[in-house]
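To keep things clear, I will list the structure first and then write my remarks on it.
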Amino acid sequence: FQRSVFLTLAVFGLGLIFATTAQIRWGLRPLDAVRRGLTALRSGEETRIEGKFPAEIEPLTKELNALLESNQQIIERARTQVGNLAHALKTPLSVIINEARANKGPLADKVTEQADMMRTQVNHYLERAQIAARAKVIGAVTEVDPVIQPLARAMRRIHEEKGIDLTTAVPEGARFKGEKQDLEEVLGNLVDN
């Protein structure tokens, strides 16, 4: 009798453990789908969390998607402001440069030089704002090797007379979590320094 009771309770216990494990796995499957969606979002494969979710999880995914959309709108407004600022600065810079060029002397030359540098920066950031306006920001991913190779060639040519040996070793599939322009700027500054 004891053996029968022990076997029966053991079978019921194992069955209960198996049923509980299955229930937890099945019950948490929608959360795993949300986790996979967030991973795809972060890696740049997706821009929203899509899929069918139970009523308990659906409000979470709707709020996450609303947050992503809100962030995208904030970024777009910031880019618009950068573009507007750059456009607003271009005209006064042109006036300063024209006035400085009309006059001769070391002060006029210095003002022209510095204003030209400012114009270059304004044009650079205006161009970045225009490029970025066409790109997806959330989860933007850039392959490193296609960016670093042309940069390395340019730096070799620029600093050829200094005898600097510049080599690159980029692991296959290396990716930068960000936009191409940001990677170019970071690497350009790093290598140039």
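Brief remarks follow.
- Near GLU46, the amide H atoms lying under 5 Å from its own belong to LEU41; only residues 5 or more places off or on other chains count, and H is placed 1.01 Å from N.
- Here the accessible area is traced with a 1.4 Å probe on the protein chains. For the stretch 1-139, carbon and sulfur cover 62 percent of it.
- Of all aspartates and glutamates in the structure, those lying under 16 Å Cα to Cα from LYS177, and not within fewer than 8 positions of it along the same chain, are GLU45, GLU46, GLU143, ASP145, GLU185.
- Probe 1.4 Å, accessible area per residue of the stretch 14-85, Å²: 76
- Relative packing of 100-107, 30-37, which averages over residues the other C-beta atoms within 10 Å, highest first: 30-37, 100-107
- Residue order for GLU184, GLU161, GLU179 - accessible surface, 1.4 angstrom probe, largest first: GLU161, GLU184, GLU179
- Karplus-derived 3J(HN,Hα) values for the stretch 149-165, using 6.51 cos²θ - 1.76 cosθ + 1.60 with θ = phi - 60°, are 5, x, 5, 5, 4, 5, 5, 4, 5, 5, 9, 4, 5, 7, x, 7, 9 Hz; glycine and proline are entered as x.
- Rounded to the nearest Hz, the phi-derived 3J(HN,Hα) couplings of the stretch 9-24 under the Karplus curve 6.51 cos²θ - 1.76 cosθ + 1.60 (θ = phi - 60°) are 5, 5, 5, 5, x, 5, x, 5, 4, 4, 5, 5, 4, 5, 5, 5, where x marks glycine and proline.
- For the stretch 1-155: lysine pairs under 23 Å (alpha-carbon distance), excluding those fewer than 8 apart on one chain: 4
The values are calculated or read from the model by the stated rules, or taken from the named source; none is laboratory data. It should be emphasised that the depicted structure is a prediction, and the values quoted were computed from it without experimental measurement. Reconstructed Cβ throughout: ideal geometry from the backbone, glycine too, with neighbour counts over all protein chains shown. Accessible surface areas use protein heavy atoms only, side chains included; no ligands, DNA or RNA. Shrake-Rupley method; radii C 1.70, N 1.55, O 1.52, S 1.80 Å.
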